[in-house]
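Heads up, the thing below is written out as structure tokens.
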Amino acid sequence: MDVNIIENEGKMSARFIGRLDTAAALEVSKAIQPLLDNAGKPLEIDCSEMSYISSSGLRIFLTIRKAAAAAGGKVIIKGMNPDIRQIFMMTGFLNLFEVE
Amino acid sequence: MNNKKQEQSDAKRAAAWQGLALVLVAALTLEATSLIQYYFSRKGIEEETLALAQSELESTGLRITGVMDQVETVLQNNVWTVRECLTRPDSLKATAIRVVEDNPVIIGSTVAMVPGYLRRYPLYAPYAVREADTLRVTSLATADYDYPSQPWFTKPIESDEGYWSEPYWDEGGGNVLMTTFSLPIRDKKGRLAAVLTADVSLDWMSEIIGDIDVYPHAYGVMLSREGQIMASPAETLVMQTSMREIATRFDDSVSVSDLARSMQDGQTGSTSIHNKKKVSHVFYAPVKRAGWSMCIVVPHEEIYGNIERIGKIVLLLQVLGILMIILIITATVLSQMHMREIADRKNRIENELQVARGIQMAMIPKIFPPYPERGDIDMFASLTPAKEVGGDLYDFYIRDDKLFFCIGDVSGKGVPASLVMAVTRSLFRTVSGHENSPQRIVSTMNSSMSESNETSMFVTLFVGVLDLLNGHLRYCNAGHNAPLLLSGDTAVPLEVASNIALGILPDQSFCEQETDLKYGEGLFLYTDGLTEAENESHQLFGESRMMREAARNTGLPVREQVERMQARISEHVGSAPQSDDLTMLVIKYMNTKEPDAAERHLILHNDIQQIPQLASFIEQIADESGIDQSLAMSLNLALEEAVTNVICYAYPEGSDGLVDIEAIIRHDRLDFIVSDSGTPFDPTEVAQADVSLDVNERPIGGLGVFLIRNIMNEVRYERKDGKNILYMTKKL
């Protein structure tokens, strides 16, 4: 599981690549620290290369969203495959994010 | 029905008439016998009395004529003496004296000369009379007496023979009843010269008459020629009254006058007279020489009293006897009628019981096999109602691939029990129609039945819900006998909480239990009519016998299992009557897809880093079962959540443990079983995430179980043998 984070013109971009399972979640939760630190800035997460997500992964997304909400930022999720989109829908997460 | 009643009442009437006829014949026979007996006895007594009276009359008459003979003889003997000394007056006087002196029976005697016979004495009649112990001699030839005109002087001369006078009171001679015998005497030339007399006291006659003792109260009466009473127990009547006068004092005066006439006429005979409601029989005969007549009066009571008393007693006994016969016959007829009524009532009750049996049998499924189109379940049941009808029931049906079944026993017997049974069965159908949990089915039924339970009847009930897709059995017992779990060649009681029967406490809580039936396993459900089937010596069939028999039959088709058990019970019971309903229900679970099921195993350590292994495990299963990528991902997710839970919660941090993941692949579904030996942890109990909350309210956790439930069709947790077991099913 890889997480690439880029800061550009005051906007944050993140790319989640691979499987975001429980085993990966621990690592990812550390990797997203820059995002939490810049929670006030608009954030775009690219999920087009994320093939799997478990509840631990969802928890990371929720952490990011809560931080953004607290700092007045916003989070846009792009490129979710239908299966992951289904999980987001099932768990009510679609309502928490802006999804493109 | 009406004809039957008519026949019955005809039969009753016939029986009553027969009885009556019997009584009549018996009564007539008895009556005739005793009448004949009475008639002959009475006739005998009558004849005897007549003979007795006649002999008494005869002997009394003989005694009287004896005395008269004596007197007559004395006078006859003196005729010669008188004739010899007709011219010597002194000698005539001496003769009179001698007659009195020599004969104690003679009180007085005279030789009365025919007037003018003696030239010296125109009238001459010296009279010797006994007074006390001395003899006095007087003359009857006085101016005021005028003996030649007295009857004792004239009558013998008229008739020229001896003459007995009418009795009379001799006032001069000491108030004695007297009679005089007079004998005319002619001289040697044949001229009438004198009349020789002897006065006789009639005292002896009273004695003779008083001696009559043929019956205690019998008495005699002597009548003179003129009908005067000469002797009688009533002494005041003697020589004072004639029989004809007395007759007027009688109620039955005609009979008495007739009697008096007959007696005066010198007849012999007998008659009856009535006076003051009493009847007397009179026997009479003449005393020939004197022209008197004598009768003996005997009270009717004395002759016929005994026989009439006996007759009355016999009659009374007969009447009593007949009354008793009537009583006995009446009682017999009544008791027969009563017996018939009891029989009628019994028939009616039996009819009602048949109705009850009808109600019972109409409520239960009776077509076997019930689901011939399904290969995964086979059942057979039998309900044998007792003569008195208990309240056994069983029921089953399939909804959503689940078999809902129950078996129960209503307390009590008869129509009420079968009605409660019908209510129970309806409730089961209604409640289970929208409820999958046996515990809730039982609870709802219990509340409903407890509320309206006015008859205090209760029901023991076992409710089971068998998931036909995976053999998972959930059940709830309410006081019923534990069913037997049939597995391999064993039959052991299913582990059940006994709980309390339905209809007792409205708020009673019932616990639900569960188990899994594997291919070929089944249940044997029964009511206590089986274990408590009694033989003639009151030995119960018992549980051990039942378990042995059930174990022996596990391999057989369900119908045969029930039939063999039934045969074994019949063998035990013999000819003893069945006292309670007997119900058996056998369920055999056979998942037909079982043979092509494939099992896959994965064992992980309690390490998060091993979780990625699940992905390849799922991939393999996806290959075998042909599921698509996205379903595989969902299953991966659910499984990961389950395993994560185990790793995070079941094992304390740092301890080493294993997670066992088993997958069963069938063509129509996938079963996953995740088990571990960690501390008890039921993930299904964890509060589920509320997915409708917004960002700020949304908690971080709680999503795992939510995801499992959403992905899988069924999720179930079990703690068994120290293991946490989570069952998950995904239908394909």
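The values are calculated or read from the model by the stated rules, or taken from the named source; none is laboratory data. Quantities reported herein were computed from a predicted structural model and do not represent experimental measurements. Counting neighbours? That spans all protein chains shown, and the Cβs are built from the backbone with ideal geometry, glycine included.
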Neighbours by Cβ (under 6 Å, 6+ apart or cross-chain): first from segment B:708-726, more than 16 Å from residue B:686 (Cα to Cα) and within 14 Å of chain A (Cβ to nearest Cβ); second at pLDDT 90 or above and surrounded by 14 or more Cβ atoms within 10 Å (Cβ to Cβ): B:711/B:634; B:711/B:638; B:712/B:638; B:712/B:728; B:712/B:730
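Are any residues in segment B:567-585 under 21 Å from residue B:370 (Cα atoms) and either part of a loop (DSSP other than H, G, I, E, B) or not hydroxyl-bearing (Ser, Thr, Tyr) (or both), and if so, which ones?
The answer is B:582, B:584, B:585.
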Matching residues, segment A:32-62, being of a type outside the set (A, V, I, L, M, F, W, C) and within 28 Å of residue B:629 (Cβ to Cβ): A:44, A:46, A:48, A:49, A:51, A:52, A:54, A:55, A:56, A:57, A:59
Residue ranges of helices (runs of 4 or more DSSP H) in segment B:181-282 with at least 2 members buried (at least 21 other Cβ atoms within 10 Å of the Cβ) and at negative phi: B:203-210, B:253-264
Scope segment B:110-157; condition exposed (fewer than 11 other Cβ atoms within 10 Å of the Cβ) and among the charged types (D, E, K, R); matching residues: B:119, B:120, B:133, B:144
Pick from segment B:293-334, criterion of a type in the set (Gly, Ala, Ser) and part of a helix (DSSP H, G or I), ranking: modelled with the highest pLDDT: B:331
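Residues checked against (1) of a type outside the set (A, V, I, L, M, F, W, C); (2) more than 30 Å from residue B:537 (Cα to Cα):
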{"site": "B:572", "(1), (2)": "yes, no"}
{"site": "B:583", "(1), (2)": "yes, no"}
{"site": "B:587", "(1), (2)": "no, yes"}
{"site": "B:591", "(1), (2)": "yes, yes"}
{"site": "B:601", "(1), (2)": "yes, yes"}
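In this structure, is residue B:663 crowded, with 23+ Cβ neighbours inside 10 Å, more than 10 Å from chain A (Cβ to nearest Cβ) and under 19 Å from residue B:715 (Cα atoms)?
Criteria met by residue B:663.
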Failed criterion for residue B:634 (all others in (1) surrounded by 13 or more Cβ atoms within 10 Å (Cβ to Cβ); (2) among the hydroxyl-bearing types (Ser, Thr, Tyr); (3) modelled with pLDDT under 90 hold): (3)
Unique residue being under 24 Å from residue B:522 (Cβ atoms), out of contact with any Lys or Arg (no Cβ under 7 Å at 6 or more places or on another chain) and modelled with pLDDT under 90 when the list is B:599, B:624, B:662: B:599
Tally of residues being farther than 11 Å from residue A:83 by Cβ, touching a helix residue (DSSP H, G or I) at 6+ places or on another chain (Cβ under 6 Å) and either free of Cβ contacts under 8 Å to residues at least 40 places away in the same chain or at the interface with chain A (Cβ under 8 Å from one of its Cβ atoms) (or both) across segment B:616-638: 2
Checklist (1) touching a Lys or Arg at 6+ places or on another chain (Cβ under 8 Å); (2) assigned by TED's automatic domain parsing to the domain that holds residue B:557 applied to residue B:444, failing item: (1)
For residue B:643: the one exception among (1) farther than 14 Å from residue B:728 by Cβ; (2) β-branched (Val, Ile, Thr); (3) free of Cβ contacts under 8 Å to residues at least 40 places away in the same chain: (1)
Test: residue in segment B:440-453 that is at positive phi, within 54 Å of the chain's Cα centre (by Cα) and modelled with pLDDT under 90: no
Qualifying positions in segment B:671-707 - within 14 Å of chain A (Cβ to nearest Cβ) and closer than 19 Å to residue B:474 by Cβ: B:683
Any hit, segment B:515-528, residues being in contact with a Pro (Cβ under 6 Å, 6 or more places away or on another chain), assigned to a loop (DSSP other than H, G, I, E, B) and farther than 22 Å from residue B:390 by Cβ: no
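Give me a count of the residues in segment B:548-566 that are in a helix (DSSP H, G or I) and crowded, with 17+ Cβ neighbours inside 10 Å.
7
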Single residue of A:69, A:24 found to be within 14 Å of another protein chain (Cβ to nearest Cβ), among the small types (Gly, Ala, Ser) and over 26 Å from residue B:610 (Cβ atoms): A:69
Every residue from segment B:421-455 that is touching a residue at least 60 places away in the same chain (Cβ under 8 Å) and among the hydrophobic types (A, V, I, L, M, F, W, C): B:421, B:422, B:442
Odd one out for residue B:423, checked against (1) over 14 Å from residue B:527 (Cβ atoms); (2) at pLDDT 90 or above: (2)
